[in-house]
Each structure stands twice: as structure tokens, then as C-alpha cells.
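Written below as C-alpha cells is the structure these notes are about.
The values are calculated or read from the model by the stated rules, or taken from the named source; none is laboratory data. Just so it is clear, the model here is predicted, and its values are computed rather than measured. Note that we place each Cβ from the backbone using ideal geometry, even for glycine, and neighbour counts take in every protein chain shown. These accessible areas exclude ligands, DNA and RNA; they are computed on the full protein's heavy atoms, side chains included. Shrake-Rupley method; radii C 1.70, N 1.55, O 1.52, S 1.80 Å.
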Amino acid sequence: MINIPKGTKDVLPQDSYKWQYVEGVARDIAKLFNLKEVRTPTFEHTELFQRGVGDTTDVVTKEMYTFKDKGDRSITLKPEGTAGAARSFIENGMASGVLPAKMFYITPAFRYERPQAGRLREFHQFGVEIFGAKSAQTDAEAIAAADALLKKLGLQVKLYINSIGCKTCRAEYNKALKAFFAPHLESLCYDCKTRYEKNPLRLLDCKEENCKKINAAAPSMLDYLCEDCKAHFEEVKSCLTLAGVEYEIDNRIVRGLDYYTRTVFEFVSTAIGAQGTVCAGGRYDGLIEELGGNSVPAVGFAAGLERLLIVMEQTGVVIPEPQKPTVYLAGMDNACRRKAFEIAASLRSAGVFAEIDHMDRSVKAQFKYADKLGAKYVAVIGGNELAEGVMNVKNMASGESEKVKFNDAVVYFQGK
Ligand code: ATP
Ligand code: MG
């Protein structure tokens, strides 16, 4: 027996409608915001993520699925969607096309993590990227798109926003952070000691209890923002209000990825505790240049589909069930079953959802099965009916029956 790999999941046929629903809502929202779908490969050159995600991040240092292909190239399964979208933006010359380039993706992502509820090794993201616009309105629009998605899905979430400034003001802030953490260095966790050297901002992101305690008194980036970054953040907040999006400021949000500048945000479910972050994003004006393109501002976010579905399940959001068969054709003997098969074929050609028996059930058992499928009508063909060229059609809701000629089947069931 070969089992599914740890940290992965099957979406079973009876559950896939839930995924299709969430993905459908995401696509609808994308349309409203003029976001066009981009599809990039599942694997990329490892260097893309080292540079694009950042080689001090947990994702790159610990979590990537990296391997050599048969041509001895280092390949990595995408751990997130932004780097691939950014590569595509550069490689396809979109910077010299019409800007902004507004896009979205729905993609699997791979991270070697310790699997638990809402944390998988293969998971799925709906992500949005807007390349080429630097205005605060664009940040607010990206956040508003995420907000619209979560509201449409019926999720109860809180939006937390922060600004982590630009290169210039962050340099000052990093100095202040280092000065603050220096006396605590001994009591910080192993990872935080490295973060202290390489990227002090990330000290604020640590999930260790003891580090969190120390963090609580750390200086706030918001006190170090330069004039431009401050004005940008004020405008983001003001535009969120214009869009009717409620937010709270959390000066501890820094995001795990290296390319973020200025606005960062997270939507956290108020219903589940651990892994409550369902959506996260921000501005990343440094990314395109980091990947070898010209300097192009960008903002985006990604929502984890598994987490959205978990929260929806836990809070009792009802997902519309898939369509049920319009008609189930039951046949008595072999000749009748052949007729049922033939009529089902013509109904399907005409776009009518029809089902037949595949398991040699008795007519009684076929009725039961049709009921279980939720068929609106059951059309029975017995020996007499076959001879007369009619079927006995029962409306399963009202219990009423009537005879319908084989030749009238399509007209009868179309629009039912
Ligand atoms: P976390 O703090 O939960 O580890 P992250 O900072 O690593 O999240 P991002 O890289 O910003 O997450 O990814 C965006 C979203 O993708 C997250 O908010 C979450 O909903 C989802 N996500 C991230 N990692 C996983 C995972 N291993 N399994 C399922 N969903 C995930
Ligand atoms: Mg993570």
C-alpha cells in the first residue's frame, strides 16, 4: 500500500465543489478589480527564490523543495507565487507595456514544514500582484480586493496593517532595533541570534514565547518612518476608510519575506487561534530590481485556500452544493437499459444533466440510488414502456408521475 506523502492532501470528488466555490469567488473578485490570471511554472530555478524570497528567510533556509534535475540544474518547487509572477513580468517585458500590470494566480505551493492544521507541505494560494504603480491607492486597492474576497466568503477576520518603511528609514530603524536587542542577545532563541546579525527586522516576527516577550518593548518602525513613507502610510489608511475597509495598526507585523517595503498587512481569522492568518501581503518595491529588472514598484497579497476553507468550515459557512441530476433514467431489463443509455446520450448532447445505472441494480435499487443523488426526476423504462415508446417520469419532489414519449425527452427535460 502506497500512502499519500506527509503534509499533502487529496481533495475528494465529493468535496471538490468547495474548492471550486472558493476559487470561483476569487475569480469573480479578480474580475471586479481588473486582475488577469497569470500561470507560471510549478518549478523554477532555485536562484529565483533565493533572490526573490530572500536567503535569510525561513522559507529559503529551511522550507524549500530543492533538487537537481537530470541536467544538473538546481530546481525548486515554488514555495509561493510572487517570485514566479515577478520573473514573468520581467522576462515578458511587461514593464514596457501598459502599466500597471494587474494579475492574479491560483497555484499550489510547496514548503517543507511541520504539518499541522492549516500548515501543509503542499498548499494552495490565491494571490494578487499589481506591478508598476507606486501610489498608496494601489496598496489600498490590493487590500480592498483581499477584504472583498474574505467578506464574500463570509469569513470573520481582522485586518492588521503596518509600514516597514523604505531602505533609508529602515536602516535607521534597524540600528535602533540592534541597540534595543543587544542587551537581550543571550536570552534570544538560536534563530533570532542569526536574525540579529542578518536582518534585525525579522526579530519581531519570531514565534518563540520568550522572544515575543522581549519584542513587546522594542521600538516601533512607525516612529522611524521618513516623511515620504509616513505620508504614504497615512494615505493608505485614509483610502482604506474611503473603501469602507476596517483596519487596526499592528507595529509588530513585518512579514517573513525580504522584498517588502512600506505597507504590510495580514488578515487574521477571529474564529481560529493557531494558523489564523488567512491572507498576507504588502508592497515590495525592491523585488523587480532584485531580480534583474528595472526598478518597478509593486504590491500584492496571497491567501491560503486551505486556511480559508478551514475557517469557513469551523464557522459554519454554507457552501452552495453542486448541481444535482435533472433526470435519472432507470431501465428494467437489458433492452430497457440500452434505451435509457441512448436517451441519456441525447439528453446530455442537449445539455441536460442525466444519469443512468452502471451497477446492474434492480429498478427499486435504482430509485433509491436516484434519490440519493438528488435527481429531480426519475424516468422508468419497463418492458411495456419500451414497447409503447414512452417512459414513466416521476417528479421526485411532488411524487406525481406522467408518461413522456422517448422522442419528447429532450424538449421535456430542457429547462427543468
Ligand atoms: P505563517 O506565518 O502562517 O507561516 P507565512 O508568513 O509563511 O505564514 P506567506 O508566505 O505570507 O505565509 O503566505 C501567504 C499565506 O499562505 C498565509 O497567510 C497562509 O494563509 C498560507 N500559507 C503559508 N504557508 C502555509 C502552509 N504551510 N500551509 C497552508 N497554508 C499556508
Ligand atoms: Mg510560514
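Annotations
- Qualifying residue in the range 111-132 (condition: more than 14 Å from ligand 1 (Cβ to nearest atom), in a helix (DSSP H, G or I) and open to solvent by less than 10 Å² (accessible area, probe 1.4 Å)): no
- With respect to the conditions (1) in contact (Cβ under 8 Å) with a residue 40 or more places away in the chain; (2) surrounded by 12 or more Cβ atoms within 10 Å (Cβ to Cβ); (3) farther than 15 Å from Leu291 by Cβ; (4) away from ligand 2 (no atom under 16 Å from the Cβ), Arg51 lacks only one, and its number is (3).
- Residues that are of a type in the set (Gly, Ala, Ser), away from ligand 2 (no atom under 16 Å from the Cβ) and open to solvent by less than 30 Å² (accessible area, probe 1.4 Å) occur at least once in the range 19-26.
- Phe67 being in contact with a Leu (Cβ under 6 Å, 6 or more places away or on another chain), assigned to a strand (DSSP E or B) and at pLDDT 95 or above: no
- Residue check: Gly415 meets all listed conditions (1) open to solvent by 30 Å² or more (accessible area, probe 1.4 Å); (2) at pLDDT 95 or above; (3) closer than 20 Å to Ala350 by Cα but one, namely (2).
- Top-ranked residue in the range 157-193 [being among the polar types (S, T, N, Q) and in contact (Cβ under 8 Å) with a residue 60 or more places away in the chain; ranked as nearest to Gly304 (Cα to Cα)]: Asn162
- Candidate set from the range 80-110 (those that are in a helix (DSSP H, G or I) and under 28 Å from Ile310 (Cα atoms)); member that is nearest to ligand 1 (Cβ to nearest atom): Thr82
- Against the list (1) modelled with pLDDT under 95; (2) assigned to a helix (DSSP H, G or I); (3) not aliphatic (A, V, I, L, M), the condition Gly316 fails is (2).
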